[in-house]
Amino acid sequence: MAAAAKRVEIGTADRAALEAIVGAGTSQARMVMRARIVLCAGEGRSAAQIGRRVGCSANTAQKWRGRFERQGLDGLADLPRPGKPLVYDHAARARLIAKACTRPGPSAQGARRGRWTYEELAAEVGMSASHAHAILAAADIKPHLTEYWVMSELSPAFDAQAAEVCGLYLDPPENTIVVSIDEKTGIQAKGLVREDTQAAPGRPGRRDNEYRRNGTQNLFAALQIHSGGVSAMPSKTRNREDLLAFLELVDKDIPPGRSVIAVTDNLSTRTTEVEEWLSDHPRWSFQFTPTHASWLNQVEIFFSILQRRLLKHGALDSEADLAEQMLCFVETYNQTARPFQWTYTGKVLNA
């Protein structure tokens, strides 16, 4: 008679883990088979019996019960495989990565180049473009992409200016109205070449990619920070006279006896060119945002709303139509206007 098979000892924790692998619908098929082999071995079954029960060869059953006996659950995992030999050694890969992290020099004909192509990088190192692409992708290097950013220099001057602006938003001086002033420039009056197709169940609305250019307008806007109301003035130009006309318009909406602080950027039209107007309107003063920090100006949030709700999807037949629709939008907006919840308090930002 054949000798009885040796029973494999399985601890309580290992048994629970093996049963979890067998019972989980997301387990890999090969791991389920290995776990079942070990569980059968724990019942004292021979390799031949396990093979018939699990559906594998006796050699396979013997292999995995032996691996479990020697290494436990870790023995059921696949061993590392060497894989295909590298076509290019590590030195070639290092040269490629180093080259991709530099700016290319001019071409043989003297043309300046702003960034590498995969073909140029491959030629520099001596490999195919597809290999260069695969190696750089594995290293998470994308020489074909450029991210753009701009912000103020993180200096004490920036911190002080940002803190001043945020202080006006969060805790303004008594009896003072804070307004945020800026202009949205170059707004196009885009007319339809063909009529839109309206949306239907299972189908979004459609618009022809072409459009008629019917001129441009600028929009001066002033947001009252603590009420949310907006004053606006369309204008074909954006010079000193336009700004002064707009400030007069805003001044009429401010109740008598209230001081006004205008948060705005430091363009020349906001500084030296309005000094005379400010001297004639002593209740007004300007608080300038740091350079490249338009995000500190709350009226930019209103411009974003205007862009999304009107300008992006609007059909505008002329400059006059554009100007009228922007004023109508502002009037409708003011009926339900509320102040924005400002959360930035002037902390130092990291680039």
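Considering only segment 216-232, state which residues are surrounded by fewer than 16 Cβ atoms within 10 Å (Cβ to Cβ) and small (G, A, S).
Hit for segment 216-232 is S227, nothing else.
Report whether or not R36 is under 18 Å from A5 (Cβ atoms), surrounded by fewer than 17 Cβ atoms within 10 Å (Cβ to Cβ) and of a type in the set (D, E, K, R).
For R36, the condition - under 18 Å from A5 (Cβ atoms), surrounded by fewer than 17 Cβ atoms within 10 Å (Cβ to Cβ) and of a type in the set (D, E, K, R) - is not met.
Quickly run through segment 29-64 and pick out the residues that are under 17 Å from T12 (Cα atoms) and of a type outside the set (V, I, T).
Selection gives A35, R36, L39, C40, A41, G42, E43, G44.
Within segment 268-292, can you find the residues that are assigned to a loop (DSSP other than H, G, I, E, B) and within 19 Å of V165 (Cβ to Cβ)?
Within segment 268-292, T271, T289, P290, T291, H292 meet the criteria.
Go through segment 276-290 and give me each residue that's within 20 Å of W342 (Cα to Cα) and not aromatic (F, W, Y).
Q287, T289, P290, listed by residue number.
Which condition breaks for I187 when tested against (1) under 30 Å from T237 (Cα atoms); (2) β-branched (V, I, T); (3) free of Cβ contacts under 8 Å to residues at least 24 places away in the same chain?
Unmet condition: (3).
So is W284 over 28 Å from the mean Cα position of the chain (by Cα) and surrounded by 13 or more Cβ atoms within 10 Å (Cβ to Cβ) or not?
The answer is yes for W284.
Scan segment 198-237 residue by residue and report those that are among the aliphatic types (A, V, I, L, M) and assigned to a loop (DSSP other than H, G, I, E, B).
Scanning segment 198-237 gives A199, I225.
Looking at segment 162-180, which of the residues that are outside any helix (DSSP H, G or I) and either modelled with pLDDT under 95 or touching a Lys or Arg at 6+ places or on another chain (Cβ under 8 Å) (or both) is surrounded by the fewest Cβ atoms within 10 Å (Cβ to Cβ)?
Ranking the qualifying residues of segment 162-180, first place goes to E174.
The values are calculated or read from the model by the stated rules, or taken from the named source; none is laboratory data. None of the values given here were measured: they were computed from a predicted structure. Glycine also receives a Cβ, built like all others from the backbone with ideal geometry; neighbour counts cover every protein chain displayed.
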